[in-house]
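The values are calculated or read from the model by the stated rules, or taken from the named source; none is laboratory data. Values in this document were obtained by computation on a predicted structure and should not be read as measured data. In this analysis, Cβ positions are derived from the backbone assuming ideal geometry, glycine residues included, and neighbour counts consider all displayed protein chains. These accessible areas exclude ligands, DNA and RNA; they are computed on the full protein's heavy atoms, side chains included. Shrake-Rupley method; radii C 1.70, N 1.55, O 1.52, S 1.80 Å.
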Amino acid sequence: VNAIGFLEAGRRVVTVGDDGRLLAWSPDGTDVAELYKSAIPLTGVEVLTPSNHAIARDAAGALWDVAPGGAVHQVRTPDGATVSVLRASPDGTLLAAGTDRGNITVYETARWTQLLTTELGAGVRQIKIDPRNRDLAVVTHDGHVHAIALGPARTLPLGDVALGARNLDYSPDGELLATVCGNGGTWLYDLRSDTWAYGAEHAAEVFFGAFSPDGALFASGDRRGIVTVRN
């Protein structure tokens, strides 16, 4: 199993694996349904809410839209690049795909039209879409953070910043961007005022960080197993 997602507000689970199967099953039962079968491994999955479409990526770089009833549509054809990150917007209307070559494509999922395509200087490590669909933030494997506007009405003072970044997250209102770094530090960036705050709560490489649902807390965890919660 390479990735999991949740359907129907958590009532069902989807998994993809090296056997090429996209499976849907109930966590409290024995039912299993095969929604899609590929001849090569499936390496990731992202579920669109509220439509419950599962978007699977395969080892060749293709993307497949699998509807709850089993209808399949190919979103992306292989081009030699590996899709390293797949991220849906919270409302399911956008899907961002990043590759090991630094290419970013943002799709509008209603008709699978391309809203944005761009190329960055290194392979894509992480993508997050603003909760209000105004922009997206990207971490590349060279440690840079990139902020990319998704429409002409959005002005972003932050563009491309070298932070030694490992992961990032938006606050629920989309106005704060938190980045955790390889040196153990955390950067908080306020998009409204273009201001930064720094904290060095960890003595080891930080891998992940996330805001609480109300945005009041930010939690991060490091290589040594230490978890820090910031107010």
Worksheet item: Want the number for residue 227 to residue 142: 0.36 nm per residue separation, take away the alpha-carbon distance, what's left?
Response: 28.1 nm
Worksheet, complete the sentence: In Å², rounded to a whole number, the accessible area per residue of the range 1-71 with probe 1.4 Å is 47
Fill in: For residue 83, net neighbour charge (Lys/Arg +1, Asp/Glu -1) across residues whose Cβ lies under 9 Å away
0
Worksheet item: Where does the range 55-177 land on the Kirkwood hydrodynamic radius, alpha-carbon pairs, in angstrom?
Response: 14.8
Worksheet entry | Peptides 174-186, 211-223, 107-119 ordered by average Cβ neighbours within 10 Å, highest first | 174-186, 211-223, 107-119
Item to complete: Please report, as a whole percent, how much of the solvent-accessible surface of the range 6-77 comes from carbon and sulfur atoms (probe radius 1.4 Å).
Response: 54
Response to the item:
re the range 117-231: pairs of Cα atoms spaced beyond 26 Å account for a percent value of 13
Worksheet, complete the sentence: The ³J(HN,Hα) series, computed from each phi in the range 176-188 with the Karplus coefficients 6.51, -1.76 and 1.60 at θ = phi - 60°, rounded to the nearest Hz and given as x for glycine or proline, is 10, 10, 10, 10, 9, 10, x, 8, x, x, 10, 9, 10
Practice prompt. Could you list the residues of the range 1-41 with an amide nitrogen less than 16 Å from a label point located 7 Å from the Cα of residue 74 in the Cα-to-C-beta direction?
Written response: 37-41
Fill in: Solvent-accessible area, 1.4 Å probe, carbon plus sulfur percent, for the range 156-231
55
Worksheet entry | Virtual paramagnetic centre 7 Å along Cα→Cβ of residue 32, amide N under 12 Å, in the range 1-19 | 1, 15-17, 19
Discussion item. Please compute the alpha carbon radius of gyration of the chain, then divide it by the globular-protein estimate 2.2 N^0.38 Å. Two decimals is fine.
Written reply: 1.03
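Using the Cα centre of the range 53-100 as the reference point, and only Cβ charges (+1 on K/R, -1 on D/E), how large is the resulting charge dipole? Debye, rounded to the nearest 20.
40
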Worksheet item: If the chain between residue 110 and residue 2 were fully stretched, how many nm would it gain, using 0.36 nm times the residue separation less the Cα-Cα distance?
Response: 36.2 nm
Discussion item. What distance in nm separates the two pseudo spin-label positions at residue 39 and residue 197, each 7 Å out from Cα along the beta-carbon direction?
Written reply: 5.5
Discussion item. For a Förster distance of 30 Å, can you work out the FRET efficiency between the beta-carbons of residue 18 and residue 101, rounded to the nearest 0.05?
Written reply: 0.80
Worksheet item: Sequence-distant or interchain residues sharing an amide H contact under 5 Å with residue 92, placed H: which?
Response: 49
Worksheet item: If Lys and Arg each add +1 and Asp and Glu each add -1, what is the summed charge of the other residues whose beta carbon sits under 11 Å from the beta carbon of residue 42?
Response: 0
Practice prompt. Compute the length gained on full extension between residue 175 and residue 205: take 0.36 nm times their separation in residues and subtract their Cα-Cα distance, giving the result in nm to one decimal.
Written response: 8.3 nm
Worksheet item: Tally Lys and Arg at +1 and Asp and Glu at -1 over the other residues with C-beta under 13 Å from the C-beta of residue 216: what net charge comes out?
Response: -1
Item to complete: Report the equivalent ellipsoid semi-axes for the range 1-67 in whole Å, largest first, defined as the square roots of five times the eigenvalues of the gyration tensor built from alpha carbon atoms.
Response: 19, 13, 9
Worksheet, complete the sentence: P(r) of the range 35-104 over all Cα-Cα pairs, 10 Å bins starting at 0, rounded to whole percent, reads 21, 55, 23, 1
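Which whole-number value in Å² is the accessible area per residue of the range 84-200, probe 1.4 Å?
Here the residues of the range 84-200 average 41 Å² of exposed surface.
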